[in-house]
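Notes follow the structure.
The values are calculated or read from the model by the stated rules, or taken from the named source; none is laboratory data. If you're wondering where the values come from, they're calculated on a predicted model, not measured in any experiment. Using ideal geometry, Cβ is built from the backbone for each residue, glycine included, and neighbour counts are taken over all protein chains shown.
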């Protein structure tokens, strides 16, 4: 397919919602579902629009927000809430659909939901955002769109643990008698949060790349270097997916992060960027541009097009489209954002031999650890509390037995780590890695069994839709 013909095709489907729908329909062509079942799975069950006013700065301001529930085949439903000036109902519905499939893919027992408030948070003070967020929460509460057993929000673009704390507190005020489960009404909050939640999405990206590269069935990084060179495009400053992915890949896996881009330009260093130093610079100045350890390209939005082995788009949807796909020079694209590659751009890239690891799988780390947090809030027991000391005593006994059997002391460089019973962060990371590795095998095995699926995205969609269809069938729908 030529770029010109691709542009013509995509002219009819430029929205994020339609791009998700095309991926749905492509996967559906490989499934034998009863008549009408495909449309039932694709469509969102409901989308609620709320409009409300808040008196600020001596006048009344009106706001509009949405909460979409894609599928209630498994309850509660769950999904983030973003604060963004360009949000709309279609975007929210598309993201809710992805949430349903993502949770089905990684076998987390939630349905899919998503929310947004059409607002630029940079234009409001923290005190004003507090009042706006609480009013939004009131509107969601009145409509049954927030609650530990109904609908569980989480942070997304433009929101953080701060906004989740405000939402949780406002929900608690509206439900003063539900003191047992109220903390589970949102995840990603500072109170009662779980260790590793902030880093979860970036850690999941790392585990996804590791799973792909360790699988003997994959082509790896065709033509790539021995020490993979990566570039990351990240606008999500609050959730920091790009930052954590870059940090873990460089410090733990030896990857060379050559380029990092933000909304105002990008920085590059072919020898590798010092990620933590760059992060501190960004916190001080509000931008990655101007970092001493790199060459800065202020106002330049071509970072995606620079040569590299691995490209990790960790910003917004539709970042790679038919107009720039031909200029992408990466060997492997790892979708840390939601929907960063449009349907037609995906076809163009794959026709050139570019491998794409789909968002449905790659950025599921936040989904998994949010589930861990929700479970912790409901049980009121920190992970590892009931068995940490028992594991320490068992490991100590093993070390002592080995010393007696061999007549040699246990190696000092690994003794402390071996004897450690495992803190909550260790258990969370272990659980996340297990989910990401087992999910990868599910995708790769399916593609091996059905090579006509053609790519990892279609295989992930097929695996997810099958699980959702089975759930509907089990409840008699």
* Asked: Given the residues 339, 366, which is the only one that is touching a helix residue (DSSP H, G or I) at 6+ places or on another chain (Cβ under 7 Å), assigned to a loop (DSSP other than H, G, I, E, B) and crowded, with 24+ Cβ neighbours inside 10 Å?
  -> 339
* Go through the stretch 199-213 and give me each residue that's surrounded by fewer than 20 Cβ atoms within 10 Å (Cβ to Cβ) and in contact with a helix residue (DSSP H, G or I) (Cβ under 9 Å, 6 or more places away or on another chain). => 210
* Asked: Given the structure, is residue 75 surrounded by fewer than 17 Cβ atoms within 10 Å (Cβ to Cβ), within 29 Å of residue 377 (Cα to Cα) and at pLDDT below 95?
  -> yes
* **Residue in the stretch 198-205 that is assigned by TED's automatic domain parsing to the domain that holds residue 89 and out of contact with any strand residue (DSSP E or B) (no Cβ under 7 Å at 6 or more places or on another chain) present** => no
* Restricting attention to the stretch 221-257, report how many residues are surrounded by fewer than 24 Cβ atoms within 10 Å (Cβ to Cβ), part of a strand (DSSP E or B) and at pLDDT 90 or above. => 1
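Every residue, every condition in (1) in the same structural domain as residue 318 (by TED's automatic domain parsing); (2) assigned to a strand (DSSP E or B), yes or no:
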site	(1), (2)
26	yes, no
32	yes, no
39	yes, no
52	no, yes
62	no, yes
94	no, no
100	no, no
112	no, yes
116	no, yes
* Filter result for residue 193 (under 30 Å from residue 165 (Cβ atoms), at pLDDT below 75 and buried (at least 24 other Cβ atoms within 10 Å of the Cβ)) -> no
* Of the residues that make up the stretch 375-387, is at least one in contact with a helix residue (DSSP H, G or I) (Cβ under 7 Å, 6 or more places away or on another chain), under 19 Å from residue 428 (Cβ atoms), buried (at least 20 other Cβ atoms within 10 Å of the Cβ) and touching a residue at least 12 places away in the same chain (Cβ under 8 Å)? -> yes
* Asked: Looking at the stretch 342-363, which of the residues that are buried (at least 24 other Cβ atoms within 10 Å of the Cβ) and outside any helix (DSSP H, G or I) is nearest to the chain's Cα centre (by Cα)?
  -> 363
* Go over the candidates 141, 137 one by one and state the one that is surrounded by fewer than 24 Cβ atoms within 10 Å (Cβ to Cβ), touching a helix residue (DSSP H, G or I) at 6+ places or on another chain (Cβ under 7 Å) and closer than 25 Å to residue 97 by Cβ. => 141
* To do: Name every residue in the stretch 280-324 that is part of a helix (DSSP H, G or I) and within 20 Å of the chain's Cα centre (by Cα), in order of residue number.
  => 304
* Asked: On the given criteria, is residue 119 modelled with pLDDT of 95 or more, crowded, with 18+ Cβ neighbours inside 10 Å, farther than 20 Å from residue 363 by Cα and out of contact with any helix residue (DSSP H, G or I) (no Cβ under 8 Å at 6 or more places or on another chain)?
  -> no
* Asked: assigned by TED's automatic domain parsing to the domain that holds residue 364 and buried (at least 17 other Cβ atoms within 10 Å of the Cβ): does that describe residue 303?
  -> yes
* **Complete set of residues in the stretch 157-185 that are assigned to a loop (DSSP other than H, G, I, E, B) and either outside the structural domain of residue 133 (by TED's automatic domain parsing) or under 22 Å from residue 120 (Cα atoms) (or both)** => 157, 158, 159, 160
